[in-house]
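All remarks here apply to the structure that follows.
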Amino acid sequence: MTQSLIKTIENAASWADEHRSVEALRAVLAERGCYVYGAGGYGREVAAAVRGKGYVVHGFFDTFKGGGELVDGLPCRRPAELEGEAGAALIVAINNFKVPVAEVVAWARGVPFAEIIFVAELPDLLGRELGHYWQGERGLIRAEADTIARFHAMLGDARSREILEQLVRFRISGRPEDHPEVDRDHQYFPVDLPLPQTAISLVDCGAFPGDMLGSTAGAGLQLENWYAFEPDPANFRQLCEVAAGGGFKSGSLFPCGVGDATGLVRFAEGAADASRAMGEDDAGAGVVVPIVRVDDVVHADRIDMIKLDVEGFEAAAIDGMARLIGRHRPRLAIAIYHKPADLWELAFKIDGMFPGGRYAIRQHGYNGYDTVLYVDF
């Protein structure tokens with residue numbers, strides 16, 4: 001199994017070297033310029049980066065805007081408004097967990113454009129600042145091939161191993177045909193990874209607006225005890241409103257994030273499910289929110305499951321709940337897409353702290369998002 005994963009990475013990297021090198025893509029941009037598909041925030045960021053490198057952006061395409069409407073001074077058209085050959089490259093700047101890109105790519109391949117450039121290729125092509133969440137230099141996958149192969153060998157089922165192979169190909173190519181099949185309906189409760197009990201006590205880190213209430217009910221589970229952590233003030237208000245409607249036996253709602261130490265962090269609020277702690281390079285003041293160790297605030301007789309989706313704080317959060325995990329050995333459902341190496345490093349971290357776990361991964365979002373690691377003890 002180890003060698004098959006390494007071969008998958010080698011083949012994908014060789015294909016990229018031959019057909020998708022940075023030099024070749026830059027040559028197309030220099031000669032033909034490009035259009036950007038997607039006139040939202042990310043598409044505008046991409047267009048600005050392209051222009052900042054001295055390449056020509058001819059305009060945007062967008063499903064919801066058109067007729068020559070100007071976006072950042074560039075004309076925007078709907079796909080149906082393009083006639084004949086485009087003559088330029090197209091950068092597909094759709095970069096979220098909700099929207100598949102296969103139909104857009106099929107349209108683009110039929111135009112045809114001089115080249116189609118994908119989100120996974122942009123950090124190499126335009127700079128690291130376009131590497132959001134899992135996105136980074138494609139060379140990381142090749143450099144970490146042996147380590148990723150060890151993670152591949154840890155996975156206990158064929159579906160997980162297949163998903164990992166597809167993910168590493170997708171992170172190199174960006175092509176929709178390389179992306180794993182997406183299960184949007186069963187995030188945190190895959191039907192083929194059932195929990196052994198139907199009434200659960202849950203620690204919910206990154207509770208957002210309380211969507212775990214609907215998820216547990218949809219999985220046929222009774223939420224007995226719900227310990228929900230959400231640092232974004234707007235999200236927390238929604239969480240309280242949702243919790244007021246019931247659907248669980250008892251609960252505690254914490255307006256804070258989780259980490260390996262209790263303290264304060266500066267937080268970029270108001271981005272819904274993408275609200276996050278801010279780094280030194282982030283512009284703007286944000287808001288100051290508390291961070292706690294879960295071990296310091298949750299004292300329960302039984303914990304059956306811990307969900308972690310905390311915008312890159314997953315490793316620190318695990319350290320801050322080591323006592324709880326060690327005592328209760330709950331199922332862990334952990335987001336492993338916020339940083340490029342989280343895909344494999346978080347599993348090794350858990351295995352080093354709590355040996356003997358059974359590991360699986362499932363893909364719950366489009367475009368490389370919402371990859372979840374499931375650990376049972």
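The values are calculated or read from the model by the stated rules, or taken from the named source; none is laboratory data. Given the structure is predicted, the values throughout are model-derived calculations rather than measurements. Don't worry about glycine lacking a Cβ; one is built from the backbone with ideal geometry, like all the others, and counts go over all protein chains shown.
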What tally of residues in the range 72-83 results from selecting those that are in contact (Cβ under 8 Å) with a residue 24 or more places away in the chain and either over 16 Å from V105 (Cα atoms) or in contact with a Pro (Cβ under 6 Å, 6 or more places away or on another chain) (or both)?
3
Which one is surrounded by the fewest Cβ atoms within 10 Å (Cβ to Cβ) among residues in the range 1-59 that are acidic (D, E) and closer than 25 Å to D178 by Cβ?
E23
Let me confirm something: among F113, F118, which residue is of a type in the set (F, W, Y) and closer than 15 Å to E177 by Cβ?
F118
If the Cβ limit is 6 Å and pairs must be 6+ apart or interchain, which residue in the range 198-215 that is on the phi > 0 side of the Ramachandran plot pairs with which residue that is not in a loop (DSSP other than H, G, I, E, B)?
F208/N235; F208/D273; G210/L239; G210/V242; G210/A243
Those residues of the range 157-191 that are over 17 Å from N11 (Cα atoms) and aliphatic (A, V, I, L, M) come to a total of 3
State yes or no: is D260 assigned to a loop (DSSP other than H, G, I, E, B), modelled with pLDDT of 95 or more, more than 18 Å from the chain's Cα centre (by Cα) and not hydroxyl-bearing (S, T, Y)?
yes
Hey, can you tell me all the residues within the range 46-68 that are assigned to a loop (DSSP other than H, G, I, E, B) and not acidic (D, E)?
K53, G54, Y55, V56, T63, F64, K65, G66, G67, G68
Being surrounded by 22 or more Cβ atoms within 10 Å (Cβ to Cβ) and assigned to a loop (DSSP other than H, G, I, E, B) is the filter here, so list the residues in the range 190-219 that pass it.
G206, A207, G210
Please pick out the residue among W134, W107 that is aromatic (F, W, Y), assigned by TED's automatic domain parsing to the domain that holds E81 and in contact with a Phe, Trp or Tyr (Cβ under 7 Å, 6 or more places away or on another chain).
W134
Do the conditions hold for P112, that is, is it closer than 22 Å to F60 by Cα, more than 17 Å from the chain's Cα centre (by Cα) and either surrounded by 19 or more Cβ atoms within 10 Å (Cβ to Cβ) or not small (G, A, S) (or both)?
yes
So is F151 assigned to a helix (DSSP H, G or I), crowded, with 18+ Cβ neighbours inside 10 Å and aromatic (F, W, Y) or not?
yes
Would you confirm, using the coordinates I've provided, whether R237 is over 21 Å from L195 (Cβ atoms) and part of a strand (DSSP E or B)?
no
Residues of the range 73-95 classified as surrounded by fewer than 16 Cβ atoms within 10 Å (Cβ to Cβ) and within 30 Å of the chain's Cα centre (by Cα), total:
2
Helices (runs of 4 or more DSSP H) wholly inside the range 278-377 that include at least 2 residues being of a type outside the set (K, R) and in contact with a Lys or Arg (Cβ under 7 Å, 6 or more places away or on another chain):
314-319
Restricting to the range 84-115, name every residue that is touching a residue at least 60 places away in the same chain (Cβ under 8 Å) and assigned to a loop (DSSP other than H, G, I, E, B).
I94, N95, N96, F97, K98, V99, P100, V101, F113, A114
Checked R323, R358, R362 against criteria (out of contact with any helix residue (DSSP H, G or I) (no Cβ under 8 Å at 6 or more places or on another chain), of a type in the set (D, E, K, R) and either surrounded by fewer than 20 Cβ atoms within 10 Å (Cβ to Cβ) or at negative phi (or both)); the one match is R358
Kindly evaluate E129 against the criterion of being charged (D, E, K, R) and either without any contact (Cβ under 8 Å) to a residue 60 or more places away in the chain or closer than 30 Å to G356 by Cβ (or both).
no
